[in-house]
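The values are calculated or read from the model by the stated rules, or taken from the named source; none is laboratory data. All values reported here derive from a predicted model rather than from experimental measurement. Virtual Cβ from ideal backbone geometry, glycine too; neighbours counted across all protein chains shown. Side chains included, ligands, DNA and RNA excluded: accessible areas come from the protein's heavy atoms. Shrake-Rupley method; radii C 1.70, N 1.55, O 1.52, S 1.80 Å.
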Amino acid sequence: MKILVVDDNKNDRLILFTILKSRSYDVLEAGNGIEALEQIEKEKPDIIVSDIMMPEMDGFMLLQNLKENRTTKAIPFVFYSATYTSEKDIEFGLSLGASRFFVKPMEPGKLLSGIEKVIKEFEYGEQKPAKPSLTPEETREKYSQRILHKLESKITDLEEEIRRRKIAEDELHKLKEELELKVKERTSQLEIEIEKHKKSEDALAESEQMYRAIFENTGTATLILEEDTTISMANSIFERLSGYSKEEVEGKKSWTEFVGKEDLETMKKYHQIRRTDPKKAPQQYEFSFVDKNGDVRFALISIVMIPGSNKSVASIIDITERKRAEQELWLAKEEAECANHVKSEFLSRMSHEFKTPLNAILGFSEMLKMKTPGELNEKQEHYVDNIHNSGKHLLGIINDMLDLLKIESDDKLPLLIEPLFAPELIGETMIFVQEKAERKGIVFKKEIDPGLGDIKADKLRFKQILLKLLDNTIKFSKPQGGTVTVKAVKAGDMAQFSISDTGIGIREKDMGKIFSLFHQVDSGIKRRYGGTGSGLAITKQLVEQHGGKLLVESKYGEGSTFTFTLPLVAKMEENK
């Protein structure tokens with residue numbers, strides 16, 4: 001199916017060409033009536049779509065020529081025009097024999113549908129070629145009227161266009177004057193800004209000199225690093241550290257050339273992260289620094305981004321000596337720990353070796369005291385008592401030593417946690433020291449809270465804690481005796497035990513030392529009262545292992561109060 005499009009406007013022809021081509025029609029083109037007649041002589045179309053107002057020959061004249069020609073009068077003709085189109089134009093066009101008259105602009109779909117409807121009507125014989133309904137005289141008269149009307153309309157439009165152009169020219173002239181004024185004003189502003197810029201450049205130069213001086217005197221090797229890892233600035237301290245001059249480094253070397261192979265990938269990763277997510281990149285870390293001679297040093301780098309740029313500033317400190325000292329310290333620590341382990345192993349074995357003969361000494365001395373082998377005289381009984389008491393003292397020291405070895409090795413002393421009736425245990429423990437207290441003129445008092453009830457603790461270790469504190473009150477009592485008060489109360493979910501005495505007390509300067517291993521407040525105390533200075537340290541560890549605390553209050557010359565707490569409900573899971 002061939003369709004001839006006749007229109008002097010290239011854009012309108014292109015639109016029609018595109019619409020018709022979308023339905024696979026063959027499209028012929030002409031710019032006016034003359035070109036259309038020439039095109040028809042070469043290749044006869046099946047339908048013609050034409051504009052009206054065109055140079056040389058308009059659409060009305062084209063249609064009239066076609067209808068007068070026997071070979072072309074049957075070709076369906078459709079007007080598609082918008083220039084000054086009126087109802088009389090449409091009426092005249094149809095009277096000339098046009099099949100349809102469409103007014104621009106029209107939706108492409110509707111226009112295409114209208115053209116195809118005309119095609120189908122002719123294909124199915126629903127419509128015959130339209131014949132002119134006017135006589136030649138009427139045609140000439142109406143044609144002259146329509147063309148005159150269109151020309152008058154066009155003249156009117158041209159006059160309106162001239163008027164609009166005159167207004168536009170006046171406005172353009174006015175804008176030109178305003179622009180010239182603004183150019184003058186802007187020129188004046190630029191002159192002021194140039195002067196300010198010159199002053200700013202002078203200030204910038206001065207500022208640059210100041211910051212260069214600061215950069216040179218930071219006290220560390222300092223670099224400015226570009227995004228591509230190039231070193232753009234280096235100070236004199238970096239020259240000394242690296243062995244290179246500034247001229248050899250600035251703009252010529254990448255900082256990666258100074259990083260040891262083992263740290264290079266990590267440093268590159270940090271460099272990238274610092275530019276994508278600065279908060280995730282570390283600002284300070286250690287790395288291996290390689291100087292000009294290939295010598296490797298330990299270095300600490302502090303590096304941050306320069307605000308508003310992709311550059312970063314880095315400060316480098318040589319920490320080689322410090323790292324060597326740390327390494328030596330670590331080796332010394334390893335040696336000390338090894339020696340301590342050997343010492344602990346030796347003491348543990350020796351303590352167990354001591355216990356074997358000591359048990360025999362205590363057993364046989366106990367039998368002698370019971371006079372199992374026979375009667376003893378007074379002097380022999382005195383000797384046996386001394387042997388037995390010394391053996392018990394030595395056994396206590398050995399047991400303390402074994403406990404200390406466990407504490408030093410960070411090993412918890414084994415606990416057997418069970419429900420215990422605290423008042424009963426306190427009474428049982430005080431019996432062990434009652435006789436010794438009476439010999440020194442010490443009076444015991446008990447103040448037990450009736451609502452205290454059961455606690456959960458290791459029975460043996462609880463007695464050990466209480467016995468050590470009671471023994472200390474007797475050991476450090478005054479020559480004239482005194483009073484020891486044992487209190488036990490319920491404090492929330494804890495049981496609180498206090499042992500108060502009227503003994504010699506503790507100096508304030510020594511309060512922070514009494515729980516330290518092997519410590520006694522002075523050599524005179526040690527000589528006068530004996531002991532290894534480990535009892536309170538062990539006691540404190542036992543209390544804390546139960547989940548409690550051990551505290552002391554004392555006034556020198558008046559006495560002391562040791563207070564410890566144990567949970568009413570022990571944390572069993574910590575001791576399983």
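Using the Karplus curve 6.51 cos²θ - 1.76 cosθ + 1.60 with θ = phi - 60°, work out ³J(HN,Hα) for each residue of segment 168-185 in order, rounded to whole Hz, and write x for Gly and Pro.
5, 5, 4, 5, 4, 4, 5, 5, 4, 5, 5, 5, 4, 5, 5, 4, 4, 5
Are there any chymotrypsin sites (Phe, Trp or Tyr not before Pro) in segment 451-520 that are in a DSSP loop and have at most 11 other Cβ atoms within 10 Å? List them by number.
PHE518
Extending each Cα 7 Å along its Cβ direction at ALA491 and ILE34, get the distance between those two points in nm, one decimal.
12.1 nm
Can you give the accessible area of PHE102 in Å² (nearest 10), computed on protein heavy atoms with a 1.4 Å probe?
The accessible area comes out at roughly 20 Å².
Name the long-range amide H neighbours of VAL304: under 5 Å, sequence gap of 5 or more, or other chain; modelled H, no Pro or chain starts.
Those lying under 5 Å, H to H, from VAL304 are VAL313.
Given the Cα-Cα distance of GLN434 and CYS338 and 0.36 nm per residue of separation, how much length would full extension add, in nm? List each step's numbers first, then the result.
Values: separation 96, 0.36 × 96 = 34.56 nm, distance 4.46 nm.
Computed gain between GLN434 and CYS338 is 30.1 nm.
Once you place label points 7 Å from the Cα toward the Cβ at THR71 and ILE162, how far apart are they in nm?
With each label placed 7 Å out from Cα toward Cβ, I get 4.6 nm.
Run the simple label-point estimate for LYS269 and GLU116 please: 7 Å along Cα→C-beta, distance reported in nm.
6.5 nm
Subtract the Cα-Cα distance of THR483 and LYS446 from 0.36 nm times their separation in residues, and report this length gain in nm to one decimal. Write out the running numbers ahead of the final one.
Details: separation 37, 0.36 × 37 = 13.32 nm, distance 1.09 nm.
In short, 12.2 nm is gained.
As an exercise, use a Förster radius of 35 Å and the Cβ-Cβ distance of GLU262 and GLU208 to find the FRET efficiency, rounded to the nearest 0.05. Spell out each step's value before the answer.
Details: r = 38 Å, r/R0 = 1.08.
About 0.40, to the nearest 0.05.
Could you go through segment 425-432 in sequence order and give the Karplus-derived ³J(HN,Hα) for each residue, using 6.51 cos²θ - 1.76 cosθ + 1.60 with θ = phi - 60°, rounded to whole Hz, and x for Gly and Pro?
Working through the residues one at a time gives 5, 4, x, 4, 6, 5, 4, 5 Hz.
Between LYS88 and HIS173, what FRET efficiency follows from the Cβ-Cβ distance if R0 is 51 Å, with the result rounded to 0.05?
Values: r = 42 Å, r/R0 = 0.82.
The formula returns an efficiency of 0.75 here.
Along segment 560-566, what does the Karplus equation 6.51 cos²θ - 1.76 cosθ + 1.60 (θ = phi - 60°) give for ³J(HN,Hα), rounded to whole Hz, x for Gly and Pro?
Along segment 560-566, the couplings run 9, 10, 9, 10, 9, 10, 9 Hz.
Using modelled backbone amide H atoms (1.01 Å from N, in-plane), which distant-in-sequence or interchain residues come within less than 5 Å of LYS446's amide H?
It is VAL486, by chain and number.
Accessible surface of GLU375 in the full protein assembly, 1.4 angstrom probe, to the nearest 10 Å²?
Number for this one is 150 Å².
Measuring with a 1.4 Å probe in the full set of protein chains, what accessible area per residue, in whole Å², belongs to segment 13-106? Display every interim value, and only then the final one.
Working: 4470 Å² over 94 residues.
Roughly 48 Å² per residue, with all protein chains present.
Using the beta-carbon distance between ASN9 and LYS199 and R0 = 45 Å, what value does 1/(1 + (r/R0)^6) give for FRET efficiency, to the nearest 0.05?
On the way: r = 61 Å, r/R0 = 1.36.
E between ASN9 and LYS199, to the nearest 0.05, is 0.15.
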